[in-house]
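The values are calculated or read from the model by the stated rules, or taken from the named source; none is laboratory data. Remember, it's a predicted structure, so these values are computed and weren't measured experimentally. Cβ coordinates were reconstructed from backbone atoms using ideal geometry, including for glycine residues, and neighbour counts include every protein chain displayed. Quick note on the areas: whole protein, heavy atoms, side chains included, nothing else; ligands and nucleic acids left out. Shrake-Rupley method; radii C 1.70, N 1.55, O 1.52, S 1.80 Å.
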Amino acid sequence: ALKMRPDYPEARENFYRVANWLVERWHFFMLNDHGRNQKYQQAIQKAVQKGCNTVLDIGTGTGILGMCAKKAGAAEVYACELSKTMYELACEVVSANGMDGSIKILHMKSLEMEVPKDIPHRVSLVVTETVDAGLFGEGIIESLIHAWHHLLLPPKRGENEFGEQSATGRVIPAGATVFGMAVECSEIRRHHRLCVTKVGGLSMAAAGELHSPVSCSSEPDDSMEPYTTERLSRLPGGYKPLTEPFTALNIDFNNVQELEGLSSREVQEIRLPVIQQGELDALAVWFQLHLDEENSLSTGPQEDTCWEQAIYPFHSAKGFVLKPRDELIVEVSCRDAYLRLCSVAVLRDGHKISLDKLMDSQYPVSNPNPEAELCSALACLQTDQSQARDFCMLECSEMALLNNQDYHQSFCTALAKLISQLKVKCQNQERGSAFQPGPAVATRCASPFYVLDVSEGFSLLSLIAASQGHVKAFSSVEKKRQQEVLKRLARSNNVSEQHLEFWLNNTEDEQGMLQRPSREKLWSAIILDCVETCGLIRQKLMEKASLARCLLEEGGRIFPGKIVVYGMLVESETLLLESAVQGQEPTLGFNIAPFINQFTVPVHVFLDFSTLECRHLSESVELFVLNLMDANANYINREVKVQATSTGRITAIPFWYHIYLDEEINVSTLGQAAHWKQAAVVLQQPLEVRAGEWVRLAVKLHKSTISILAHI
Ligand SMILES: CCc1ccncc1CNCCCCSC[C@H]1O[C@@H](n2ccc3c(N)ncnc32)[C@H](O)[C@@H]1O
């Protein structure tokens, strides 16, 4: 579609969403990582010089490692790539670099490859970087076991009977060392655990066990993942190491017996001395990839690499404060091909405090008296596991939203204001109609006010509305367990069952949600979600708002009433490196950039603007306003002038929102407690600007897609 009509907005917006999906963002900063590319190149050159002259590149991506092997003089180079988009891209790149005749690229998974069907004979070198932040997440172990059995010459085993070095196989990287460390980190905590006891005026005590979908200890069900990933060096509020880094695992990729033994290796227990007091929030894991004896790559938090670390969050209702002299006991295992770490206990003054039983108890954490601690630890051992089972899963963003107290408090205040205004109005009406002289009787409005909450995902707002009194609230929460949590919270906060209902009628499309509560009733308030966690405006927001307006009674309101979008001119090398390959130099002189950069998208999402390395080149400026309470085109096209406050090169315009619940009360999506990330328009061409100069921004919004062009 874009090829036919490049300016067709729907196609453009869809392409950006598709491009984000088709080509992972890490391709850009990986290819820009000259150090990484050079180390792989050196390792490959050495191997080829030592006689490896038939090479297979597993997971070739853009083809860069295969081209290194060819350039190093390998006689035969093969490459395989399971992603169709990357396979086609690799073919273009290899032919653009004049190697299409000499590198055979296969669109397949290495596990399907066979000799002689796919490659004529076994190779002497496999090169691959099919690793994720948790090392094994791209299946490198399984790929290498298969490669050693079917695709590689046998490993080095000394002189053969004629005394000469027989052709042997080997792998680059040669192996990896995995490190771990316990950390205190509030940013991780608020995404994985309930950290508040009250929110929006509601007590959360009765919520039961709430879990993010990241856990090692549960049985392998597909809704759980063993770890999540974070760039520790970029997390707001930083992190505090609670133990020294420890070696969790060493693995030799040239030893197929070791690779095969990995998954059956017994669980390893590691004891870690605590080095400073702090709340145990997670185990952070990274690794060194040993390309060969000399070269290695590290994904550690202390390096200035672009890689993320694997994060194993600590789940417990109350958290646990580690003290110096404690010993944290961690279990390391490799169940079903994933590296799994779990904090299982703490050794304190000779007592062993079990942590995994902490999960489901309201166990007070820091009671000073160890005996009592031990007794209650033993006591909760008796806890029947059924209690643990009635936990409810929340997405990380839903957990962070739940922990966002000022968001909920703002809603509570704004809803209370609206309800009291409506009460006054209806009393005036009643008094107006049956006017009798004499003391104004405080007439109670007969029927309750109806409030509908169509927020995405888990939301407490319906319950907060119902707790104002005289409100019948409808929640669009769909998952059974989440409805149970809301019902438990309603009961424990004295909200009667009939004041909270679940609005599940014809939800085949979002619009379907928006209906009258009943034939003769209209809504007093409808609560919409307007900003996605990634930082973009929700699709179809304006359509939903115009529909919702028709369903409001006189004086009724949509929440939020309006959103004001702010932006700022910044110079950020980091954002550039994550958005497009910067020329040929980083990619070892190979011509790769024009091909992979076809998948550059102009808006970068899930950004943490508060910790982004960048130089601010202007103050924040209002880009545009979306008023949900009055019909306006869902098309914004305006010019904004902004003065540069320092000289530099504008490479991006991060933007965020002030969400107005009413004329005064607003919530910012940029802030420590915010559960939202930010987005940024990355300029196609960086714009040089001098301090004091005015920059004109052409801001367009069409169907929730923001575009900004900058001119001097
Ligand atoms: C310091 C390295 C580092 C550290 C931490 N985080 C990230 C990195 C960087 N590595 C990222 C690569 C990650 C993606 S893997 C690269 C490409 O290979 C493909 N694939 C994967 C397996 C596979 C297979 N068996 N057969 C054929 N193709 C295969 C994928 O489709 C992808 O295009």
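Summed over segment 46-66, residues that are of a type in the set (Gly, Ala, Ser), more than 17 Å from residue 28 (Cα to Cα) and within 16 Å of the ligand (Cβ to nearest atom) total 1. Checking the structure you have, find out if any residue of segment 665-674 is open to solvent by less than 10 Å² (accessible area, probe 1.4 Å), touching a helix residue (DSSP H, G or I) at 6+ places or on another chain (Cβ under 6 Å) and closer than 28 Å to residue 403 by Cα. No; the residues of segment 665-674 include none that is open to solvent by less than 10 Å² (accessible area, probe 1.4 Å), touching a helix residue (DSSP H, G or I) at 6+ places or on another chain (Cβ under 6 Å) and closer than 28 Å to residue 403 by Cα. Taken over segment 459-486, residues that are part of a helix (DSSP H, G or I) and touching a helix residue (DSSP H, G or I) at 6+ places or on another chain (Cβ under 7 Å) amount to 7.
Counting only residues that are farther than 18 Å from residue 234 by Cα and in a strand (DSSP E or B), how many does segment 668-691 have? Selection size over segment 668-691: 10. All conditions in (1) of a type outside the set (D, E, K, R); (2) free of Cβ contacts under 8 Å to residues at least 60 places away in the same chain; (3) touching a strand residue (DSSP E or B) at 6+ places or on another chain (Cβ under 6 Å) hold for residue 282, with the sole exception of (2). Taking the criterion of being under 22 Å from residue 609 (Cβ atoms) and in contact with a Ser or Thr (Cβ under 7 Å, 6 or more places away or on another chain), the only residue of segment 552-566 that qualifies is 566. Scanning segment 67-84 for residues that are more than 9 Å from the ligand (Cβ to nearest atom) and more than 21 Å from residue 52 (Cβ to Cβ) turns up just one, 84. Checked across segment 563-576, the condition of being aromatic (Phe, Trp, Tyr), open to solvent by 30 Å² or more (accessible area, probe 1.4 Å) and touching a His at 6+ places or on another chain (Cβ under 6 Å) holds for no residue. Taking segment 578-607 as the range and being surrounded by 15 or more Cβ atoms within 10 Å (Cβ to Cβ) and charged (D, E, K, R) as the test, only 578 passes. In segment 61-90, the residues that are in contact (Cβ under 8 Å) with a residue 40 or more places away in the chain and closer than 18 Å to residue 120 by Cα reach residues that are among the hydrophobic types (A, V, I, L, M, F, W, C) and in a loop (DSSP other than H, G, I, E, B) with C-beta atoms within less than 6 angstrom, at least six apart or across chains, in these pairs: 78/119. Within segment 294-329, the only residue that satisfies the criterion of being among the β-branched types (Val, Ile, Thr), within 17 Å of residue 131 (Cβ to Cβ) and assigned to a strand (DSSP E or B) is 311.
Table: residues versus (1) within 21 Å of residue 293 (Cα to Cα); (2) surrounded by fewer than 15 Cβ atoms within 10 Å (Cβ to Cβ); (3) at pLDDT below 95.
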{"residue": "6", "(1), (2), (3)": "no, yes, yes"}
{"residue": "23", "(1), (2), (3)": "no, no, yes"}
{"residue": "27", "(1), (2), (3)": "no, no, yes"}
{"residue": "37", "(1), (2), (3)": "yes, no, no"}
{"residue": "40", "(1), (2), (3)": "yes, no, no"}
{"residue": "65", "(1), (2), (3)": "yes, no, no"}
{"residue": "69", "(1), (2), (3)": "yes, no, no"}
{"residue": "74", "(1), (2), (3)": "yes, no, no"}
{"residue": "81", "(1), (2), (3)": "no, no, no"}
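Of the residues making up segment 66-96, those that are within 17 Å of residue 592 (Cα to Cα) and in contact with a helix residue (DSSP H, G or I) (Cβ under 6 Å, 6 or more places away or on another chain) are 68, 69, 79, 81, 85, 89, 92, 93. Which residues, counting only those in segment 550-590, are part of a strand (DSSP E or B) and aliphatic (A, V, I, L, M)? Across segment 550-590, the qualifying residues are 552, 558, 563, 564, 565, 570. The residues of segment 98-111 that are out of contact with any strand residue (DSSP E or B) (no Cβ under 9 Å at 6 or more places or on another chain) and away from the ligand (no atom under 13 Å from the Cβ), listed by number, are 98, 100, 101.
Residues in segment 115-152 that are more than 8 Å from the ligand (Cβ to nearest atom) and open to solvent by 40 Å² or more (accessible area, probe 1.4 Å) were compared, and the one that is farthest from residue 50 (Cα to Cα) is 117.
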